[in-house]
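Asker: Once you've had a glance at the structure underneath, I'll fire off some questions.
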Amino acid sequence: RPAGDGMAEVRRLPASVAQRLLWVLEQFRGQYGSANCPIVLRLRGRLDAECLSDGLTALTARHESLRTTFEGRSARLTQVVHEPRPVQLHRQDRSSADPDRTLREAVTDEVRRPVDAGRWPMRVTLLRLGDDDHGLCVNLHHAVTDGGSCGLMVGDLQSLTGGGPQLPVVRWPYAQFCQWQQ
């Protein structure tokens, strides 16, 4: 779309071979959340939820895969890279006498629900377990991340919320790799 027309700009690119494979596999077991790739953090101490929300928004601005949806099928599967937008943080008060069990149960329920990467590749839930005790579940579709990348994202989130070093510029986004692969 032309810039300045009031519509958010998107880029459409072919999906990678791995993304197409994951998309096909999801058709068989997707209702069980088998394509989910969750990041679960326990946050203890005073929590500034606005700072966390801002950090998550900055994380999606930094990593375009976290704002990439998919359309089409099989060999015609297309990545749709969206412009950055604020992250929707779903908040739940799960205060209880047994916060460890409550967190386990809440996260189990969350990761069983599939992430629909046709709509948005990430769902973020902040669980309040007590006054100074929270759980954060960033549930991502496996087409936009993997286990190794999840560790990098946690480090980036720490930096983006003021608890880590200055981050270097992302030099080779995944969509660029997919173009190279084609």
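The values are calculated or read from the model by the stated rules, or taken from the named source; none is laboratory data. Keep in mind the model is a prediction, meaning the values are calculated, not measured. FYI the Cβ positions are ideal-geometry reconstructions off the backbone, even for glycines, and counts take in every protein chain you see. Surface accessibility is based on the protein's heavy atoms, side chains included, excluding ligands, DNA and RNA. Shrake-Rupley method; radii C 1.70, N 1.55, O 1.52, S 1.80 Å.
Asker: Shape of the range 45-127 from its Cα gyration tensor (a ≥ b ≥ c, root eigenvalues): rounded if a/c is under 1.5, otherwise prolate when a/b > b/c, or oblate?
Answerer: Judged from the Cα gyration tensor, the range 45-127 comes out oblate (a/c at least 1.5, b/c at or above a/b).
Asker: So what does log10 I(q)/I(0) come out to for the chain at q = 0.10, 0.19 Å⁻¹, using the Debye formula with one equal point on every Cα and no solvent?
Answerer: -0.42, -1.34
Asker: Which value, to two decimals, describes the C-alpha radius of gyration of the range 1-101 once divided by 2.2 N^0.38 Å? Don't skip to the end; give the middle numbers.
Answerer: Values: Rg = 17.8 Å, N = 101, 2.2 N^0.38 = 12.7 Å.
Normalised Cα radius of gyration, the range 1-101: 1.40.
Asker: Please list the non-local residues whose amide H lies under 5 Å from the amide H of Ser96, H modeled 1.01 Å from N, same-chain partners needing a gap of 5 or more.
Answerer: The list, which skips near neighbours in sequence, is empty: none.
Asker: Which whole number of Å³ per residue matches the convex hull of the alpha-carbon atoms in the range 60-107?
Answerer: Working: hull volume 6.2 nm³, N = 48.
Given the Cα convex hull of the range 60-107, per-residue volume reads 129 Å³.
Asker: At 1.4 Å probe size, what's the solvent-accessible area of Asp109? Round to the nearest 10 Å².
Answerer: In the full protein context, Asp109 sits at about 80 Å².
Asker: For the range 82-159, what mean projected area does the convex hull of the alpha carbons give, in nm²?
Answerer: Average of the hull's projected areas for the range 82-159 equals 6.1 nm².
Asker: Cα extents of the range 113-158 along the three principal axes, largest first, in whole Å?
Answerer: Principal extents (largest minus smallest coordinate, Cα): 35, 24, 13 Å.
Asker: Here is a follow-up. May I have the pair-distance distribution P(r) for the range 33-83, computed from all Cα-Cα distances with 10 Å bins from 0 and rounded to whole percent?
Answerer: The percentages, shortest bin first, are 19, 37, 30, 12, 3.
Asker: Just tell me the longest site-free run in the chain, where the sites are trypsin sites (Lys or Arg not before Pro) in a DSSP loop having at most 14 other beta-carbon atoms within 10 Å. The partial results should precede the final answer.
Answerer: Numbers: sites that count: Arg46, Arg73, Arg119, Arg171.
The answer is 120-170.
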